[in-house]
Amino acid sequence: MGRPKSENKFIRKDITMEPDQYRKLMEHCESIERPMSWVIRKALAEYLLNNAF
């Protein structure tokens with residue numbers, strides 16, 4: 001029997017980026033000691049806040 005399904009707080013999606021973007025993102029994550037997913041979520045939240053549709 002598998003693990004019981006729980007309500008996930010997050011949705012997992014794959015993204016594609018340029019190699020230079022990835023390198024800069026990884027350097028930034030290391031410098032602030034945060035995971036890439038955290039940095040991307042924060043950047044997306046700020047973008048959506050400042051660019052209302």
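Please treat every number below as a calculation from the coordinates, not as lab data. Not measured: the values here are computed from a predicted model. Every residue, glycine as well, gets a Cβ built from its backbone with ideal geometry; the counts of neighbours run over all protein chains shown.
A few notes on this one:
- Seen against the Cα atoms of the chain and their longest principal axis, helix 19-32 is set at about 80 degrees.
- Full-stretch length increase - Lys9, Asn51 - with 0.36 nm per residue and alpha-carbon distance subtracted: 12.7 nm
- Peptide packing: for 11-21, 40-50, the average count of neighbouring Cβ atoms within 10 Å per residue gives the ranking 40-50, 11-21, highest mean first.
- Within straight-line cross-link reach of Lys13, aspartates and glutamates at Cα separation under 19 Å, skipping those fewer than 8 residues along the same chain: Glu46
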